[in-house]
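Student: Mind having a look at this structure? Questions to follow.
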Amino acid sequence: MHIAVIGAGYVGLVTGVSLASIGRHHVTLVETSPSRLEELRRGVMPIEEPDLAAAFADAADRITIVDSLAKVERPDLVFVCVATPITDAGEPDLTQLRSVLDDLTPSPDLHVSIRSTLPPGLSGRLPSLMGRANGERLSTNPEFLRQGSAMADYAHPSRIVIGRFDETSAEHLELLDRLFGPIEAPRIHVGVAAAELIKNVANGFLALKLSFVNEVAALSEEYGVEVVEVLSGIALDPRIGSAYMRPGIGFGGSCLPKELQVLASAGRRQGLPMHVARAVAQVNLEQQDRFVRRILAELPAHGARVGLLGLSFKADTDDLRGSPAIHVARRLLEAGHEVRAFDPAVRPDRAREAVPGIEIAANAMGVFDVADAVVIATEWPEFAEIDLPAARDAMRQAKLFDGRGLIRPADAVAAGLAYRGVGRRSLEPSATTARA
């Protein structure tokens, strides 16, 4: 089939390339950003995502890139994948989505499915926003792609959710079934209102789990308990399990923080206080601030040099949106300290734009050079393989703040480093390993 994908960001690009690669469909990507267009036309991926560049190259003869919907030859189906970010007021910014819907209005016979994340209450208005009498040729198809594993998630999803209107035709649903035919996963057909809640609530619940684990980690620190022992004990309960039970300095990205605000806002419009959603967001911010306070408490008043390992909000992506690492860097700079960072995926110019005043090291070992403390802020696997004795020798003061639980505390102290973890006891190196 010929599929048009509007928006070549994280969702659209992964969706389009996967359709061309797995389903061997012809895909037309519609992207209006000049810089992104220029990169795509050169075969350069504008985002960091494992396996994306290789799949794009393999399917290049089935992918067309244009800058306007008007340049798309009649597609069998249109996927809308533009961003719906959060405004400063905490409401979804639907500017891009409304613009696309306006562009689609003159073509009421096109089959259209919305993959963009929609706030509760919007889906039911899609036909009227597109000037259509009903949703006969409309659906929603919320995505569940995790940055860093998005290509694998598309090929092997936990579920495929199709949101339909009462009038959605059998022809439209058959088109979607053909598209997802090669993919083995449970299919869930629900109304569009349920589909939008499934997406928002799934991310909200995941955020709840992460924040609760981080709150347990803070409690463990105060009572001198190893949080890993607590979590291993409760994870054996089959009602709880062990997934996403790893404490850290908080979550970020474009999804989890946004969905919490969307849920809180949606509840407020209906007179619901949404206590849990608001509390989860607050705990996440407090977790980041708590970690920064622990670092500052062991530094001089100003002028210390701090190494920062990681800038992206998680490993295997270059996305800085909502990144706890960026929050840590800014707070340390505001306190009058120098920050030298390294991230294997984030370009230096983007890092400096996000955090003015930050220094960028050429490699991971470079952040240890004459540092008074080093912070692990993103869980890149390569950071777990650092030569700790060599890192210690390069430092001025031997303090390691492991915000992602990558380093075994015993290995750190054996190398002569003072170890500070999340939900872990603070450990000091022995007199024989500490450098005078």
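Student: Test of understanding: among Ala364, Ala325, which residue is buried (at least 21 other Cβ atoms within 10 Å of the Cβ) and under 20 Å from the mean Cα position of the chain (by Cα)? Before the answer, list the steps.
Tutor: On the way: Ala364 fails: under 20 Å from the mean Cα position of the chain (by Cα).
When all the criteria are applied, what remains is Ala325.
Student: Continuing with this model, one more query. Out of the range 128-170, which residues are part of a helix (DSSP H, G or I) and surrounded by fewer than 19 Cβ atoms within 10 Å (Cβ to Cβ)?
Tutor: Initial filter on the range 128-170 (part of a helix (DSSP H, G or I)): 128-129, 150-155, 170.
Once the filter is applied, which keeps residues that are part of a helix (DSSP H, G or I) and surrounded by fewer than 19 Cβ atoms within 10 Å (Cβ to Cβ), the range 128-170 yields Ser128, Leu129, Ala152, Asp153, Ala155, Ala170.
Student: Exactly one condition in (1) closer than 17 Å to Gly7 by Cβ; (2) open to solvent by 10 Å² or more (accessible area, probe 1.4 Å) is not met by Ile114; state its number.
Tutor: Against the list (1) closer than 17 Å to Gly7 by Cβ; (2) open to solvent by 10 Å² or more (accessible area, probe 1.4 Å), Ile114 comes up short only on (2).
Student: Can you say whether Glu226 is farther than 30 Å from Asp88 by Cβ and either in contact (Cβ under 8 Å) with a residue 12 or more places away in the chain or charged (D, E, K, R) (or both), as far as the supplied structure shows? Give the steps one after another, and end with the answer.
Tutor: Values: farther than 30 Å from Asp88 by Cβ: yes; either in contact (Cβ under 8 Å) with a residue 12 or more places away in the chain or charged (D, E, K, R) (or both): yes.
The answer is yes for Glu226.
Student: Only residues that are in a strand (DSSP E or B) and surrounded by fewer than 19 Cβ atoms within 10 Å (Cβ to Cβ): list them for the range 336-359, please.
Tutor: Step one: of the range 336-359, the residues in a strand (DSSP E or B) are 338-342, 359.
Correct list: Glu338, Glu359.
Student: Further question: Can you tell me which residues in the range 147-184 are at pLDDT 95 or above, within 17 Å of the chain's Cα centre (by Cα) and of a type outside the set (Ser, Thr, Tyr)?
Tutor: Ala150, Met151, Ala152, Asp153, Pro157 - these are the residues of the range 147-184 that are at pLDDT 95 or above, within 17 Å of the chain's Cα centre (by Cα) and of a type outside the set (Ser, Thr, Tyr).
Student: Looking at the range 384-417, which of the residues that are part of a loop (DSSP other than H, G, I, E, B) and more than 17 Å from Asp369 (Cβ to Cβ) is farthest from the chain's Cα centre (by Cα)? Spell out how you get there, then give the answer.
Tutor: From the range 384-417, those part of a loop (DSSP other than H, G, I, E, B) are 386-387, 395-398, 403-408, 415-417; that's our starting set.
Checking which are more than 17 Å from Asp369 (Cβ to Cβ) leaves us with 403-408.
On the way: Gly403: 17, Arg404: 16, Gly405: 19, Leu406: 19, Ile407: 23, Arg408: 26 Å.
The residue in question is Arg408.
Student: If only one of Leu173, Leu197, Leu210 is surrounded by fewer than 18 Cβ atoms within 10 Å (Cβ to Cβ) and not in a loop (DSSP other than H, G, I, E, B), which one is it? Talk me through it step by step, then tell me what you get.
Tutor: On the way: Leu197 fails: surrounded by fewer than 18 Cβ atoms within 10 Å (Cβ to Cβ); Leu210 fails: surrounded by fewer than 18 Cβ atoms within 10 Å (Cβ to Cβ).
None of the other options fit; the residue is Leu173.
Student: On to the next question. Hey, among Val262, Val328, which residue is over 26 Å from Val367 (Cα atoms) and β-branched (Val, Ile, Thr)? Give the steps one after another, and end with the answer.
Tutor: Working: Val328 fails: over 26 Å from Val367 (Cα atoms).
Criteria check complete, one pass: Val262.
Student: Scan Leu308, Leu299, Leu333 and give me the residue that is open to solvent by less than 50 Å² (accessible area, probe 1.4 Å), assigned to a helix (DSSP H, G or I) and in contact with a strand residue (DSSP E or B) (Cβ under 9 Å, 6 or more places away or on another chain). Even if it seems obvious, please write down each step before you answer.
Tutor: Working: Leu308 fails: assigned to a helix (DSSP H, G or I); Leu299 fails: assigned to a helix (DSSP H, G or I).
Answer to the selection: Leu333.
Student: Same structure, new question: Looking at the range 12-27, which of its residues are outside any loop (DSSP other than H, G, I, E, B) and open to solvent by less than 30 Å² (accessible area, probe 1.4 Å)? Before the answer, list the steps.
Tutor: Looking only at the range 12-27, we keep the residues that are outside any loop (DSSP other than H, G, I, E, B), and these are 12-22, 26-27.
Answer for the range 12-27, where residues must be outside any loop (DSSP other than H, G, I, E, B) and open to solvent by less than 30 Å² (accessible area, probe 1.4 Å): Gly12, Leu13, Val14, Thr15, Gly16, Val17, Ser18, Leu19, Ala20, Val27.
Student: Also: Select, from Asp67, Asp109, the only residue that is free of Cβ contacts under 8 Å to residues at least 40 places away in the same chain, out of contact with any helix residue (DSSP H, G or I) (no Cβ under 9 Å at 6 or more places or on another chain) and either at positive phi or charged (D, E, K, R) (or both).
Tutor: On the way: Asp67 fails: out of contact with any helix residue (DSSP H, G or I) (no Cβ under 9 Å at 6 or more places or on another chain).
Checking each option against the conditions leaves just Asp109.
Student: Another one. Report yes if some residue within the range 286-309 is among the small types (Gly, Ala, Ser) and under 30 Å from Ala152 (Cβ atoms); otherwise report no. Spell out how you get there, then give the answer.
Tutor: Of all residues in the range 286-309, those among the small types (Gly, Ala, Ser) come to 297, 301, 303-304, 307.
From what's left, under 30 Å from Ala152 (Cβ atoms): none.
Looking through the range 286-309, none of the residues is among the small types (Gly, Ala, Ser) and under 30 Å from Ala152 (Cβ atoms).
Student: Restricting the search to the range 44-58, which residues are assigned to a helix (DSSP H, G or I) and buried (at least 19 other Cβ atoms within 10 Å of the Cβ)? If you could, list the steps in order and put the result at the bottom.
Tutor: At the first step, the residues of the range 44-58 found to be assigned to a helix (DSSP H, G or I) are 52-58.
Once the filter is applied, which keeps residues that are assigned to a helix (DSSP H, G or I) and buried (at least 19 other Cβ atoms within 10 Å of the Cβ), the range 44-58 yields Leu52, Ala55, Phe56.
Student: If you scan the range 251-278, which residues turn out to be open to solvent by 50 Å² or more (accessible area, probe 1.4 Å) and assigned to a helix (DSSP H, G or I)? Step through it out loud before you land on a result.
Tutor: Filtering the range 251-278 for residues open to solvent by 50 Å² or more (accessible area, probe 1.4 Å) gives 261, 268-276, 278.
Gln261, Arg268, Arg269, His275, Val276, Arg278, listed by residue number.
Student: Which residues, taken from the range 213-250, are hydrophobic (A, V, I, L, M, F, W, C), assigned to a loop (DSSP other than H, G, I, E, B) and open to solvent by less than 20 Å² (accessible area, probe 1.4 Å)?
Tutor: Applying the first criterion (hydrophobic (A, V, I, L, M, F, W, C)) to the range 213-250 yields 213, 216-219, 225, 227-228, 230-231, 234-236, 240, 243, 245, 249.
From the residues that got through so far, the ones that are assigned to a loop (DSSP other than H, G, I, E, B) too are 225, 236, 240, 243, 245, 249.
Passing the criteria: only Ile249.
The values are calculated or read from the model by the stated rules, or taken from the named source; none is laboratory data. Note that the structure is predicted; figures quoted are calculated from it, not measured. All Cβ positions, glycine included, derive from the backbone under ideal geometry; neighbour counts span all protein chains shown. Note: accessible area is taken over every heavy atom of the protein model, side chains too, but ligands, DNA and RNA are not part of it. Shrake-Rupley method; radii C 1.70, N 1.55, O 1.52, S 1.80 Å.
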